[in-house]
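The values are calculated or read from the model by the stated rules, or taken from the named source; none is laboratory data. Note that the coordinates shown come from a computational prediction; the quantities given were computed from them, not determined experimentally. Cβ: placed from backbone, ideal geometry, glycine included. Neighbour counts: every protein chain shown.
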Amino acid sequence: MASVSDLAASDFVENAAMGAPALATARRLVVKIGSALLVDEKTGHIRQDWLAALAEDVAALRGRGVEVVLVSSGAISVGRRHLGLTGRVLALEEKQAAAATGQIKLAHAYQEALARHDITVAQVLVTLEDTEARRRHLNARATIDALLRLGAVPVINENDTVATAEIRFGDNDRLAARVAQMISADTLVLLSDIDGLYTADPRKAPDAAHIPVVTEVTPEIEAMGGAAATGYSSGGMVTKLAAGKIAIGAGCRMAIAHGHAAHPLRRLEEGGRCTWFLPSAGPRTARKRWIGGHLNTTGSVTVDAGAARALAQGKSLLPAGVIAVEGDFQRGDPIAVQDMDGRVIGRGLSAYNAGDARRIMGHKSREIEAVLGYRGRDEIIHRDDLVLA
Ligand code: GLU
């Protein structure tokens, strides 16, 4: 199965992002599933047949070597009925209570549906902050990477039970885009109740035209999305456009596609109507730009000549090659890498805080546990997190 670094090595994604927008070329795919698709609005039950068909699509993609991550909504919609919370607008703590109940059912439904294809499901609950605060970002990225490597399908939702902000339907559009960015996915599909972006809301303006491709979310495009929907289980177009912006910035192409009928991914693959948001670069370039863009490093490491050579060859920075650590930084913070002449040769996200980096510098990676008392990462800066100057 492809790892992020394989993707990076081949540049395959960079080309695919600019060329034919087809699901067939995806290597690491995030699929966002809205509540309205998964949950029957009348009964509050999970649409088992639909889910079974989706699981077939996922199994087919995985059979071709595509890594698949699902971001699923529906916890609140499923949970509220079980707590007798129907027919009115819920208070935040009631939504959180509903999510706590519904999430179990949701996870179980995915587990069952994918087990029929011998696929293991892993539940990952994140808050938007996990994708934004760098320390957690590194952890969540590494965990999801590990799950994919081990062949599991991560099913991600917001940790609604502890989220501090108001939970709004549609937030998972943005969450899915953040997840795609975090794990350097090359493709994101938002399965929705509409087959893409139109020049105006097609439910109100019958002459609205469908837009097949967007390469930049301009104010004009945003105006087409209209105002935020307040209805049940739909974030409307506004949150999808926000997701599109994040995805384009992250070098991830994104599709908004209709998902209500069975086999939505197969349909999309067979050329079903949708809107593609196409970035000009791939996820690898975008991530490197994102890391390289951190001019405000709060510290630096000085490396010996051997390490400097290894970095130039595309290797990770190991503690053995570090001879000095300057400044004060936390795990996940961007730091500068200097050679012995004090020249900045790169920038990267540190896997250790400054104190621990100082303690392990000069040591072999296998000695880290003995020095720190815990087994951290082998590298001080992983090559995926490093940009050379
Ligand atoms: N996280 C919410 C849930 O699972 C849904 C958010 C959304 O629909 O965007 O119920």
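One residue alone among Val179, Val189 is part of a strand (DSSP E or B), more than 12 Å from the ligand (Cβ to nearest atom) and either surrounded by fewer than 14 Cβ atoms within 10 Å (Cβ to Cβ) or aliphatic (A, V, I, L, M) (or both), and that residue is Val189. Selection of region 173-201 for residues being farther than 19 Å from Leu23 by Cβ and in contact with an Asp or Glu (Cβ under 9 Å, 6 or more places away or on another chain) yields Leu175, Arg178, Met182, Thr199, Ala200. The set of residues from region 63-74 being outside any loop (DSSP other than H, G, I, E, B) and within 8 Å of the ligand (Cβ to nearest atom) comprises just one member, Ser72.
Hey, does region 134-150 have a residue that's of a type in the set (A, V, I, L, M, F, W, C) and either within 23 Å of Gly236 (Cβ to Cβ) or within 15 Å of the ligand (Cβ to nearest atom) (or both)?
Taking region 134-150 and keeping what is of a type in the set (A, V, I, L, M, F, W, C), we get 138, 140, 142, 144, 146-148, 150.
Still in the list and also either within 23 Å of Gly236 (Cβ to Cβ) or within 15 Å of the ligand (Cβ to nearest atom) (or both): none.
Within region 134-150, not a single residue is of a type in the set (A, V, I, L, M, F, W, C) and either within 23 Å of Gly236 (Cβ to Cβ) or within 15 Å of the ligand (Cβ to nearest atom) (or both).
Take the residues of region 20-42 that are farther than 24 Å from Val213 by Cβ and touching a residue at least 24 places away in the same chain (Cβ under 8 Å): which is farthest from the ligand (Cβ to nearest atom)? That would be Glu41. Criterion first (farther than 20 Å from Asn172 by Cα and either surrounded by fewer than 22 Cβ atoms within 10 Å (Cβ to Cβ) or within 12 Å of the ligand (Cβ to nearest atom) (or both)) does Thr101 satisfy it? So Thr101 does not fit the description; no. Listed conditions (1) modelled with pLDDT of 95 or more; (2) more than 16 Å from the ligand (Cβ to nearest atom) are all met by Pro206, apart from (1).
In region 162-176, the residue that is surrounded by the most Cβ atoms within 10 Å (Cβ to Cβ) out of those that are farther than 13 Å from Ser73 by Cα and either of a type in the set (D, E, K, R) or within 10 Å of the ligand (Cβ to nearest atom) (or both) is Ala163.
When Arg80 is evaluated against the numbered criteria (1) buried (at least 17 other Cβ atoms within 10 Å of the Cβ); (2) away from the ligand (no atom under 12 Å from the Cβ); (3) farther than 22 Å from Ala26 by Cα, which criterion, by number, is the only one it fails? Just one mismatch for Arg80, condition (2). The single condition among (1) within 15 Å of Thr298 (Cβ to Cβ); (2) assigned to a loop (DSSP other than H, G, I, E, B); (3) without any contact (Cβ under 8 Å) to a residue 40 or more places away in the chain that Met340 does not satisfy is (1).
Among the basic types (Lys, Arg), surrounded by fewer than 21 Cβ atoms within 10 Å (Cβ to Cβ) and under 21 Å from Asn296 (Cα atoms): does that describe Arg383? Show your work before the answer.
Working: among the basic types (Lys, Arg): yes; surrounded by fewer than 21 Cβ atoms within 10 Å (Cβ to Cβ): yes; under 21 Å from Asn296 (Cα atoms): yes.
Spelling it out, Arg383 is indeed among the basic types (Lys, Arg), surrounded by fewer than 21 Cβ atoms within 10 Å (Cβ to Cβ) and under 21 Å from Asn296 (Cα atoms).
Condition check ((1) assigned to a helix (DSSP H, G or I); (2) at pLDDT 95 or above; (3) hydrophobic (A, V, I, L, M, F, W, C)) across all residues:
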{"site": "Ile76", "(1), (2), (3)": "yes, no, yes"}
{"site": "Gln103", "(1), (2), (3)": "yes, yes, no"}
{"site": "Ala113", "(1), (2), (3)": "yes, yes, yes"}
{"site": "Arg135", "(1), (2), (3)": "yes, no, no"}
{"site": "Thr161", "(1), (2), (3)": "no, no, no"}
{"site": "Ile167", "(1), (2), (3)": "no, no, yes"}
{"site": "Asn172", "(1), (2), (3)": "yes, no, no"}
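So, Thr215, is that one at pLDDT 95 or above and of a type in the set (S, T, N, Q) or not? No; evaluated as a whole, the condition is false for this residue. The condition of being in a loop (DSSP other than H, G, I, E, B), near the ligand (Cβ under 10 Å from one of its atoms) and among the β-branched types (Val, Ile, Thr) does not hold for Ile194. As a summary of the residue check, Asp201 satisfies the conditions (1) within 15 Å of the ligand (Cβ to nearest atom); (2) out of contact with any strand residue (DSSP E or B) (no Cβ under 6 Å at 6 or more places or on another chain); (3) outside any helix (DSSP H, G or I) except for the one numbered (1).
Condition check ((1) surrounded by fewer than 17 Cβ atoms within 10 Å (Cβ to Cβ); (2) of a type in the set (Lys, Arg); (3) farther than 21 Å from Gly292 by Cβ) across all residues:
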| residue | (1), (2), (3) |
| --- | --- |
| Leu317 | no, no, no |
| Ala320 | no, no, yes |
| Pro334 | no, no, no |
| Gly342 | yes, no, no |
| Leu349 | no, no, no |
| Tyr352 | no, no, no |
| Gly355 | yes, no, yes |
| Tyr374 | yes, no, yes |
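The numbered conditions (1) within 15 Å of the ligand (Cβ to nearest atom); (2) assigned to a helix (DSSP H, G or I); (3) over 24 Å from the mean Cα position of the chain (by Cα) are all true for Val89 except (2).
Using the structure shown, decide if Leu70 is in contact (Cβ under 8 Å) with a residue 60 or more places away in the chain, among the hydrophobic types (A, V, I, L, M, F, W, C) and farther than 24 Å from Met182 by Cα. Lay out the reasoning, then the answer.
Working: in contact (Cβ under 8 Å) with a residue 60 or more places away in the chain: yes; among the hydrophobic types (A, V, I, L, M, F, W, C): yes; farther than 24 Å from Met182 by Cα: no.
No; evaluated as a whole, the condition is false for this residue.
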